[in-house]
1. Please give the Cα centre distance for segment 1-39 versus segment 50-102, rounded to the nearest Å.
2. Can you list the equivalent-ellipsoid semi-axes of segment 1-85, largest first and in whole Å, using the square root of 5 times each Cα gyration tensor eigenvalue?
3. Can you give the FRET efficiency to the nearest 0.05 for ARG111 and VAL156, using r as the Cβ-Cβ distance and R₀ = 45 Å?
4. Once R0 is set to 30 Å, what does the formula 1/(1 + (r/R0)^6) return for the Cβ-Cβ distance between PHE123 and SER76, expressed as a FRET efficiency to the nearest 0.05?
5. Mean projection of the alpha-carbon convex hull of segment 6-161 over all orientations, in nm²?
6. What order, most packed first, do the peptides 5-13, 56-64, 155-163 have when packing is the mean number of other Cβ atoms within 10 Å of each residue?
7. Can you show me the helix-derived [θ] at 222 nm for the chain, built from DSSP H runs with n ≥ 4 at -39,500 (n - 2.57) apiece and divided by the number of residues, rounded to the nearest 500.
8. How do CYS36, CYS106 rank when sorted from fewest to most other Cβ atoms within 10 Å of their own Cβ?
Amino acid sequence: MVVYYISPTQLPYYIEEHLGLDPKYIGISMSVSALCYGFFSLSYRYIIKFLSIKTIYVLTLFIVSCSFLLLFLVDSFFTVLIALALLGMGGGIMLVNNTAYLFSICPENARSRAYGILASCIFLGQFLSPIISQPIVRQMGLVDAFLIWSIVIFIVCIVFLFLKQKPRIN
């Protein structure tokens, strides 16, 4: 969640100051991310039929990494829309995948407590996002920070490739 919430805290500055666009474009871009987030969250039940939980993590991390790489490489509003659509897609699928994974490894009597911890982690990520991202932006600049986030997420993606998936509890 730290990474997902970089977009609403940092991209308004990128759109207005770096691209030189009016504030109305900020709202348009944020809505693209939110729409994709919602649409792909609802599409999870179809995705899980074809892919494992681990594969979904790897793919969504790769997609989110690519979204930040796009923001680093190309300076256009159209690219921002594509990047935010990818970010929303990856974030929406990953959010539901987190719950699916959690419920697959937790016994039934511990699921509500486990989900409460997951929800707390999500809110903590939202809170920590600007605290973590702002020093990086100040030190390196916003565009270069996109590259850093892309690399970090890609490294996490590679780590997920080598993790073993825990067996499901029926």
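1. First find each Cα centre; the distance between them is then 15 Å.
2. 27, 13, 10
3. With R0 = 45 Å, the Cβ-Cβ based efficiency is 0.95.
4. After rounding, the FRET efficiency stands at 0.35.
5. 9.5 nm²
6. Going from most to least packed, we get 56-64, 5-13, 155-163.
7. Calculated from helices alone, the mean residue ellipticity at 222 nm is -26500 deg cm²/dmol.
8. Listed from fewest to most nearby Cβ atoms, that is CYS106, CYS36.
Rule-based calculations on the coordinates, nothing more; no lab input. Quantities reported herein were computed from a predicted structural model and do not represent experimental measurements. Neighbour counts run over all protein chains shown; Cβ positions are idealised from the backbone, glycine included.
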